[in-house]
Amino acid sequence: MIPKLKHALWERAGADLRILVEDPVQEIVLGDEAGQLERLVELLAEGGRPVAELATALAAAGPWELDASDVEKALEVFDELGLLFDASPDGLTEWQRERYSGNLEFFATHASLEQRPADFQRKLLDAHVVLLGVGGASAALQALCGLGVGRLRLVDFDLVESKNLVRQFTYRAEDIGRPKVERAAEWVRAFNQEIAVETVFQRVSGPEDVPALIAGADLVLAGIDQPVAAADWVNDACVAAGIPYVSGGGQGSQLAYWSVDPGRSACWRCQSSEKAAKAGELAGLVNRFEADLPSANRSTGPVVLQLMGLISLEIVRYLTRFAEPVSAGRYHIVDLATGQASEREWERVADCPVCATAPARSAVEEG
């Protein structure tokens, strides 16, 4: 283990050491009359020293009788305060460290002495994500490739149309008439040859189609908007397979996203039950509009990019658990005209027949 200080500033204030942390911004004040902690912070900011060398360097810096156990105790306190991460060799290649340097800096703020920044990145590199639909979700596809998700399966039956180009920026005018999965896969391969991408040119016509399409996935991004029943088909297959999925939609200046974490959260069927009728009002309104009005997609490019950015971040939460998912069993709703955000949680139904199919989770998985 090689402890290193996260991005921070510090200064003395009489007998105290004040440390200003960057993310989240906060001030930590520690008693340090003898100046030992200040010197330790300086050494940790430099990095590159294992515990034994830290103890030696610290002992040489002042008239302090210190050994490795004293340093270890101080490091435990710093780690509990969220100040440190382990900067020991991480197993990534030089190319990966350079390519994903921004990711690693992001994960460093959530890392600790037990979990290195590269440990989060490795989870992404090892992950398998299935995209059911690569229309609006193609923006999430681009984000996932930037994150370094190692394996992707793209499922769609649509051809590129001129009207798609207002909000689906993976595609170009010269792609009109081509299968979206074909063009999207070409984009992925040109962007990052390390990512394995598989295409399935297929329409999801019934519940029997979904299990094979999601087989082996760590997470599913559900981007199928027609038929309406497809939401139930994806939910049932993902819950039975124990695969989390994220979905969402936008109309005009309003967007919403939600997810299901099988065995942990309520499933999509729960939100439509009578016991969750109040929380399911939004879904009911959406279904009424889809059934009673002519089909119209009023999502602009900025709306889709905003939505898919939020969904992509939620996918990172699921795949790395740098933080717990925020949309499991709940709608996250954003009004882009007013900037206001809200959420609506729906209850897990005790006797939901779909939730009952979720595989049992081990104590380790439950955390």
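Residues checked against (1) surrounded by 16 or more Cβ atoms within 10 Å (Cβ to Cβ); (2) of a type outside the set (D, E, K, R):
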position: 5; (1), (2): yes, yes
position: 13; (1), (2): no, yes
position: 24; (1), (2): no, yes
position: 31; (1), (2): no, yes
position: 42; (1), (2): no, no
position: 48; (1), (2): no, yes
position: 52; (1), (2): no, yes
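Among 181, 246, 239, 210, which is the only one that is in a strand (DSSP E or B), under 27 Å from residue 147 (Cα atoms) and of a type outside the set (D, E, K, R)?
Working: 181 fails: in a strand (DSSP E or B); 239 fails: in a strand (DSSP E or B); 210 fails: in a strand (DSSP E or B).
Answer to the check: 246.
Pull up the stretch 23-37, narrow it to residues that are among the hydrophobic types (A, V, I, L, M, F, W, C) and assigned to a loop (DSSP other than H, G, I, E, B), then point me to the one that is modelled with the lowest pLDDT.
Filtering the stretch 23-37 for residues that are among the hydrophobic types (A, V, I, L, M, F, W, C) and assigned to a loop (DSSP other than H, G, I, E, B), the one modelled with the lowest pLDDT comes out as 34.
Name the pairs: first residue in the stretch 304-319 and closer than 12 Å to residue 332 by Cβ, second residue open to solvent by less than 10 Å² (accessible area, probe 1.4 Å), Cβ to Cβ under 6 Å, at least 6 apart or on different chains?
Close Cβ pairs satisfying both conditions: 307/255; 311/140; 311/246; 314/246; 314/327.
Sort through 190, 184, 143 and tell me the only one that's open to solvent by 10 Å² or more (accessible area, probe 1.4 Å), free of Cβ contacts under 8 Å to residues at least 60 places away in the same chain and of a type in the set (A, V, I, L, M, F, W, C). Steps first, please.
On the way: 184 fails: open to solvent by 10 Å² or more (accessible area, probe 1.4 Å); 143 fails: free of Cβ contacts under 8 Å to residues at least 60 places away in the same chain.
Just a single option satisfies the conditions, and that option is 190.
Okay, residues lined up against (1) touching a residue at least 12 places away in the same chain (Cβ under 8 Å); (2) in a helix (DSSP H, G or I):
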{"residue": "39", "(1), (2)": "yes, yes"}
{"residue": "44", "(1), (2)": "yes, yes"}
{"residue": "54", "(1), (2)": "yes, yes"}
{"residue": "59", "(1), (2)": "no, yes"}
{"residue": "66", "(1), (2)": "yes, no"}
{"residue": "69", "(1), (2)": "no, yes"}
{"residue": "110", "(1), (2)": "yes, no"}
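Only residues in the stretch 166-179 that are in contact (Cβ under 8 Å) with a residue 24 or more places away in the chain and over 14 Å from residue 199 (Cβ atoms) count as the first member; pair them with residues that are open to solvent by 30 Å² or more (accessible area, probe 1.4 Å) and polar (S, T, N, Q), Cβ under 9 angstrom, at least 6 apart or cross-chain, and list the lot.
Pairs found: 166/300; 167/297; 167/300; 169/142.
Within the stretch 250-367, which strands (runs of 3 or more DSSP E) (wholly inside it) include 3 or more residues that are at pLDDT 80 or above and touching a His at 6+ places or on another chain (Cβ under 9 Å)?
So the answer is 254-260, 341-345.
Given (1) closer than 12 Å to residue 133 by Cβ; (2) within 21 Å of the chain's Cα centre (by Cα), where does residue 226 come up short, assuming only one miss?
Here residue 226 clears every test but (2).
Given the residues 70, 79, which is the only one that is open to solvent by 20 Å² or more (accessible area, probe 1.4 Å) and closer than 19 Å to residue 112 by Cβ? I'd like the intermediate steps shown before the answer.
Details: 70 fails: closer than 19 Å to residue 112 by Cβ.
It is 79.
So is residue 137 surrounded by 20 or more Cβ atoms within 10 Å (Cβ to Cβ), of a type in the set (A, V, I, L, M, F, W, C) and touching a Gly at 6+ places or on another chain (Cβ under 6 Å) or not?
Judged against the criteria, residue 137 is a match.
The values are calculated or read from the model by the stated rules, or taken from the named source; none is laboratory data. Remember, predicted model here, so these are calculated numbers, not experimental data. When we count neighbours, we look across all protein chains shown, and the Cβ atoms used for this are built from the backbone with ideal geometry, even at glycine. For accessibility, only protein heavy atoms count, side chains too; no ligands or nucleic acids. Shrake-Rupley method; radii C 1.70, N 1.55, O 1.52, S 1.80 Å.
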